[in-house]
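Peer 1: Below you'll find the structure I mean.
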Amino acid sequence: MTTLTFYGGVGEIGGNKILLTDSKTRVFLDFGMNFEKEKRYYEPPYLQPRNEDHLLGLGILPPLKGLYKNDETEPSIDAVLLSHPHLDHYGYLKYLKDDIPIICGEATKTIIIAKELSGLSASGYQIANLTKSRGLEILKEFVTFRTNRPPSSPIVFNPVHVDHSVPGAYGLILETSRGNVVYTGDFRLHGPYYQMTEEFIAAAKESEPSALIIEGTNIVNAKISSEAEVKTKIIPVIEHTKGLAMAGFSINDIDRLRSFYEAAHATGRKLAISMKQAFLLHKLESDPHLSIFPLDDSNISIFVKEKKKLYLWEQEITNHYDNIIDASDVEKMQNELILTTSFYDMNELIAIKPISGSTYILSQSEPFNEEMEIDFEKMLNWLERFGVPQYHIHVSGHALPYQLKWAIEEINPEKVFLVHTEKPELYKRFLSDLDMAIVSPEEGKEYEV
Ligand SMILES: [Zn+2]
């Protein structure tokens, strides 16, 4: 028997944790963090889960034996297969036993480890460590793949790249005794590498799958735009900026970073990136499959925040590169820079003193949950204090409704499971004219493929 059980990503965007069983084989497809559910109970950094028992007690983690660090029984699953390195797809890996293999794309592994080293993880729950005495330690067992080059794995599958708002995103085509099961992860068809998604859809179609698990983030409130359009919109805003141009976007969004890099070129400015961004690029630099500018490029500066002591990962950057600038440098060259700045960098504005005619471009999702809205309010207060107007220029990493429907018709499975959407019933009705079974899964319920 082949079954699917959905422990997250049900009626919500993200938190995907899908258990696939095929006779004795048991693998999870993604093991993501549930932002929405955590937000109901927690207020970081004052109150946050400290171990798996807290999330198990709240019904947020799958209530299964043999999965978690503090559970002494043997591992009850063979592996976790990751679609891509967004927290809502991998964020709960840290609670799993370290000897459960994590199977993912090569760039996915690099990004997860870079983000882990430059973030703050609770002790006992790190995925990787960087210490002076022992250097880099990777505490989980990673097995990596590339498109059409699957690794040896407890389940036979073929990974095919897709375009999304982070590098290292894949769709998976899994062989089971009941036929092929296709998992899209997150994908888009309007991005700069839409051909990659088309290649995945063609491979998925060719596999004549029994089941398709597909995302539906944009089934409501889809906005039509493209990365090229984002760049075209950024340039005149910066051209008309007399003072400092600031930009806020996700450090994972390498396409957006490239758009700002090119906009900097076009407007005769330098792009000043954060240390976290620099560390991620430094780690990705050796990947020949990603076209990223070199960090010592003459149009790049690395912005270091005012602080007394640098972490080891930050020292790795300051030891490697000389193009480091701080707030006093930014103050003197405001009309020569695009400075990437998030809400968490706002203290730096005191020393930078943005001059009249400065600009802030918000280039990520609009604040869509309450917690982000609170941060957003505060960021607007900072910008108001310094007389900086804010623009919102963004394009989504997810496919539009008509593209989702086209992908489903192309792949033409017997059964479709709808995940990663806030409106599964709307999505189901939108597809109701298709000649296939459409399932809006219930959380924790087992479905036969
Ligand atoms: Zn994603």
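The values are calculated or read from the model by the stated rules, or taken from the named source; none is laboratory data. Everything numeric here is computed off the predicted structure, so don't read it as measured data. Here the Cβ positions follow ideal geometry from the backbone for every residue, glycine too, while neighbour counts run over all protein chains shown. For accessibility, only protein heavy atoms count, side chains too; no ligands or nucleic acids. Shrake-Rupley method; radii C 1.70, N 1.55, O 1.52, S 1.80 Å.
Peer 1: Return the residue satisfying two criteria in turn: it lies in region 77-90 and is within 16 Å of the ligand (Cβ to nearest atom) and open to solvent by 10 Å² or more (accessible area, probe 1.4 Å), and of such residues it is nearest to LEU281 (Cα to Cα).
Peer 2: The extreme case among them is HIS86.
Peer 1: Further question on the same structure: Does PHE279 satisfy the criteria of being under 28 Å from TRP313 (Cα atoms) and open to solvent by less than 10 Å² (accessible area, probe 1.4 Å)?
Peer 2: Answer is yes for this residue.
Peer 1: Need a quick list: strands (runs of 3 or more DSSP E) entirely within region 88-172 having at least 3 residues that are out of contact with any Pro (no Cβ under 7 Å at 6 or more places or on another chain).
Peer 2: Strands (runs of 3 or more DSSP E) meeting the threshold: 128-131, 135-138.
Peer 1: Yes or no: region 9-26 includes at least one residue that is open to solvent by 60 Å² or more (accessible area, probe 1.4 Å) and not in a loop (DSSP other than H, G, I, E, B).
Peer 2: yes
Peer 1: What is the one condition in (1) at pLDDT 95 or above; (2) open to solvent by 40 Å² or more (accessible area, probe 1.4 Å) that ARG40 does not satisfy?
Peer 2: (1)
Peer 1: In the list LYS109, LYS132, LYS97, LYS140, which residue meets the criterion of being open to solvent by 10 Å² or more (accessible area, probe 1.4 Å), among the basic types (Lys, Arg) and more than 15 Å from PHE31 (Cβ to Cβ)?
Peer 2: The unique qualifying residue is LYS132.
Peer 1: Among ILE317, ILE361, ILE350, ILE355, which is the only one that is surrounded by 20 or more Cβ atoms within 10 Å (Cβ to Cβ), more than 29 Å from LYS132 (Cα to Cα) and of a type in the set (Val, Ile, Thr)?
Peer 2: Within the list ILE317, ILE361, ILE350, ILE355, the selection yields ILE361.
Condition check ((1) in the same structural domain as LEU280 (by TED's automatic domain parsing); (2) more than 16 Å from the ligand (Cβ to nearest atom); (3) open to solvent by less than 10 Å² (accessible area, probe 1.4 Å); (4) under 21 Å from THR359 (Cβ atoms)) across all residues:
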{"residue": "HIS164", "(1), (2), (3), (4)": "no, no, yes, no"}
{"residue": "PRO167", "(1), (2), (3), (4)": "no, no, no, no"}
{"residue": "LEU174", "(1), (2), (3), (4)": "no, yes, yes, no"}
{"residue": "SER177", "(1), (2), (3), (4)": "no, yes, no, no"}
{"residue": "THR197", "(1), (2), (3), (4)": "no, no, yes, no"}
{"residue": "ILE234", "(1), (2), (3), (4)": "yes, yes, yes, yes"}
{"residue": "MET246", "(1), (2), (3), (4)": "yes, yes, yes, yes"}
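Peer 1: Could you tell me which of the residues GLU38, GLU43, GLU74, GLU52 is more than 17 Å from SER121 (Cα to Cα) and either of a type in the set (Asp, Glu) or within 16 Å of the ligand (Cβ to nearest atom) (or both)?
Peer 2: Answer to the check: GLU74.
Peer 1: Quick check: is even one residue across region 378-385 modelled with pLDDT under 95 and either in contact with a Cys (Cβ under 6 Å, 6 or more places away or on another chain) or open to solvent by less than 50 Å² (accessible area, probe 1.4 Å) (or both)?
Peer 2: yes
Peer 1: Taking SER133, is it more than 16 Å from the ligand (Cβ to nearest atom), closer than 16 Å to ILE18 by Cα, small (Gly, Ala, Ser) and more than 18 Å from the chain's Cα centre (by Cα)?
Peer 2: no
Peer 1: Taking HIS190 as the residue in question, decide whether it is open to solvent by less than 10 Å² (accessible area, probe 1.4 Å), outside the structural domain of ILE254 (by TED's automatic domain parsing) and in a loop (DSSP other than H, G, I, E, B).
Peer 2: no
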